[in-house]
Every structure is written in structure tokens, then in C-alpha cells.
Amino acid sequence: MGSLKPAGPSSAEGGFLATRADWLVNWGRKNSLWPMPLGLSCCGIELMAMIGPRFDIARFGAEAARFSPRQCDLLIVAGTLTWKMAEACRTIYDQMPDPKWVIAMGVCSSSGGMYDSYSVVQGVDMLMPVDVYVPGCPPRPDAVIDALLKLQKKIEREQPVKLLLSGDNLDEGAGTHHSFYAPNKGIPTTRSHEVLSPDDPRKD
Amino acid sequence: MTDLDRIRPAIAGLAVETLASRDGIAVLETTPAQLHELVARLRDACGFELCTFVTAVDRFPADPRFEVLWQLQSIAHGDRVRVRARVGGERPSVPTIVDLYPGAAFSERECFDMFGVVFEGHAGLKRLLMPEGYEHFPLRKDFPHQGIEPDRLYREWDRRRHEKAAP
């Protein structure tokens, strides 16, 4: 017989109390996401529609959009992120207190989209870790609500209390003192951005 | 059409030749050294009260490489004129005309950002559309494919953060 390693949230190490406490904390966190709306282009219009009464993300507890990153825990990057704006976007992310999550809304913020250009960031995951990517140009508000629900499911699986008890909860904390390097904390970016010299044969 | 009879006496001593361009606007070829004087005379003696744009053309691999263009407009006379100067070298530079046309400041900044043409005497000549720390000039013909170098930008931004954090 192989070893029966405990699996699943109810039997992992930390015990019953920590698991219940995790559930409670996650329940609170996922139902009170405060979005930081970073509307950079046309996706911003859909984002406004999502917050407005017709689609109404208040139904999922995420209607309290704040325009100060200090009060937010969900950064929605909605639209084309240019390199000129990238530093400000990363500063906003760094100013948000932990725990924090990021939704890349639309293809531009997910991968650069149709802007395969020197001026556009080819995916905001070059600057910060992204939790949910939403395709669409721009995505409909229901697609972003779907992303919100997926994020809630993701938050359900987190183990904040257990991390705290185990002492591994070494968050860097909010602040703008972090290096811009290694923004993904171990998540490799999928695209290389080497610059070809003028006499490189691959340059057409 | 440009009224050349009005312009010719004012610009006579500046050794410029008048060329006809395809759209009927006269092009005055000049040198960077004489440019400021020429533009000043066009403004004061010929009534060109508006600077429409300042831009450049990269004629790579020709030498000198860049044509810097200034287009001036006269609302009173209803015509336009174009001034052209060729510059080259590692650091192509022309004099600024911001003292004559304050509105040209942004045009010159954009031209610097895209072509790397330095406008001598411009008070705030820094990147306009591209981020600080970016080292290429996107509209040059030898601009590298994609031209994105995140590492270089991250390094520059890190440096700025450290500077801000320092007491």
C-alpha cells in the first residue's frame, strides 16, 4: 500500500480549527473584493458598465471601487498598457496592501493583443502576477463577472491562516520599494523580448 | 500655393534655394546654422504667424541622414511655407525655434523622441511618448525589430525608486 498522504483542505496539516478559520477568512475576502479600476482604453467603458446598475457587480460584493490603491485589493487592468504607463501601473500595484489580486481584462493587458508594438507592454504579467486573464476586445461585462467568480473560487482555495501559523507568510507588504525585476515571483513570462540587431538575419 | 514674391526679398541674404514640392508648398532649403535667422525673418517680415509642425524624415543610409522639416502658416496671407535642413552624425542637432514659436515645444519634443534629433536650446527636451530610460528612437530606419527591452526599463525605474527613497 502506498502512503495515504492527506489531501484536500479538510485534512491537510494545520488541523480542523485552522481549516475553518481559513474558510472564514476566504469567505470574507472573496465576497468583499474592492476593485481598483485602472481603465486604460476601451475596456474601461465595459468596466464602467460592469460596475453600473445593469450588470451590477454589487451582487458579488465587488462594487466598492476605490480610486486610491491603498483601499483596494483587486486591480483590474482594463485596456492597453503602454510602456509609458507601465511604471505607474506597477506603482499602483505596489501601493495596494496585501492580500491583492489582479485581473488582466481584455487581450491588450493579457498579451498585448493586436498591438505587437514597441510602445505596448506585451501582457501585464511582465510587471505583476496576474490571477485571471479575460479574453475579448473588449470583453463583455459578463465575461469579466465570470473572471470575478473564477477569482472567488481561486481565493476559496487559499490558506491564509495556515500560512500565518506556519510562518511562511513572508509577504513583502505594500510599498513602492520593490525592485521591478522578477515581478512574477517565479512565474516565467511566456514571451521573449530580445532586440534584434539590424544585421540579424531574422530581421526582415 | 506659396507667394514666393512676398518671401524672396526677406530671405535673400540667407543663401537658401527655393524648391517646388508636390503639393505646391515652397520648400526653403537651409543649413542648421542659418535656420533660426531664416525662421525669424519668415515670422517677422513675411507674416507666418503659426508653426504648424516640426518633424523629420530619416533618409538612412543617405548622408547626412535626417531632413528636419518646419512648416509655417500665414493666416493673414492664406499660404504655407516649408523649411528644410539636413543634419547627420551621431548626435544630429538643430537650433530650437521655441523662442519664436512657443507652440513648437511639443513638436520638437516629439521629434526628439521619435528621431533623436536634438533641438539646441530647448528647455525641456525629454521623452514625450516613450518612457524615460528607453534608448531607441522608434521612427529611425535602423530601429530594431520590436525594440522592447524591459530589463533596461526596469533598471532605470529601480534607480529612480532608489533615488526617491534616499533621504
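Nothing in this text is a laboratory measurement; each read-out follows from the coordinates by a stated rule. Bear in mind that the values here come from a model prediction, so they are computed numbers and not experimental data. Here the Cβ is made from the backbone with ideal geometry for all residues, glycine too, and neighbour counts use every protein chain on show.
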The residues B:F119, B:F48, sorted from fewest to most surrounding Cβ atoms within 10 Å, come out as B:F119, B:F48
Average beta carbon contacts from partner chains per residue of B:152-161, 10 Å cutoff = 5
Rounded to whole Hz and in sequence order, give me ³J(HN,Hα) for segment A:64-71 from the Karplus expression 6.51 cos²θ - 1.76 cosθ + 1.60, θ = phi - 60°, writing x for Gly and Pro.
-> 7, 6, 10, 9, 10, x, 5, 10
What is the mean number of Cβ atoms from other protein chains located within 10 Å of the Cβ atom of each residue in peptide A:119-129, rounded to a whole number?
-> 2
Can you bin segment B:1-111 into rounded, prolate or oblate? Criterion: square roots of the alpha carbon gyration tensor eigenvalues sorted a ≥ b ≥ c, rounded for a/c under 1.5, prolate for a/b above b/c, oblate for the rest.
-> prolate
Of A:K30/A:K162; A:K84/A:K150; A:K84/A:K153; A:K30/A:K84; A:K100/A:K153; A:K30/B:K164, which ones are farther than 23 Å apart at the Cα?
-> A:K84/A:K150; A:K84/A:K153; A:K30/A:K84; A:K30/B:K164
Quick one: go through segment B:62-82 and flag any residue whose amide nitrogen is under 13 Å from the point 7 Å out along the Cα-to-Cβ line of B:E49.
-> B:73-79
Got a sec to turn the phi values of segment A:23-37 into Karplus ³J(HN,Hα) couplings, 6.51 cos²θ - 1.76 cosθ + 1.60 with θ = phi - 60°, whole Hz, x for Gly and Pro?
-> 4, 5, 5, 5, 4, x, 5, 6, 9, 9, 5, 9, x, 9, x
Hey, what did segment A:47-149 get for relative contact order, percent, Cα under 8 Å, at least 6 apart?
-> 27
A:S41 paired with A:R20, simple spin-label distance in nm, labels 7 Å along Cα-to-beta-carbon | 5.1
From fewest to most C-beta neighbours within 10 Å, the residues B:K126, A:K162 line up as B:K126, A:K162
Per-residue Cβ contact counts at 10 Å, fewest first, order B:D99, A:D125 as B:D99, A:D125
Which FRET efficiency, nearest 0.05, do B:I75 and B:E135 yield, Cβ-Cβ r, R0 56 Å?
-> 0.90
Estimated [θ] at 222 nm from DSSP helical runs (n ≥ 4, -39500 (n - 2.57)) normalised by residues in chain B, nearest 500 | -8500 deg cm²/dmol
Please find the FRET efficiency linking A:D98 to B:E90, where r is the Cβ-Cβ separation and R0 is fixed at 56 Å, and quote it to the nearest 0.05.
-> 0.70
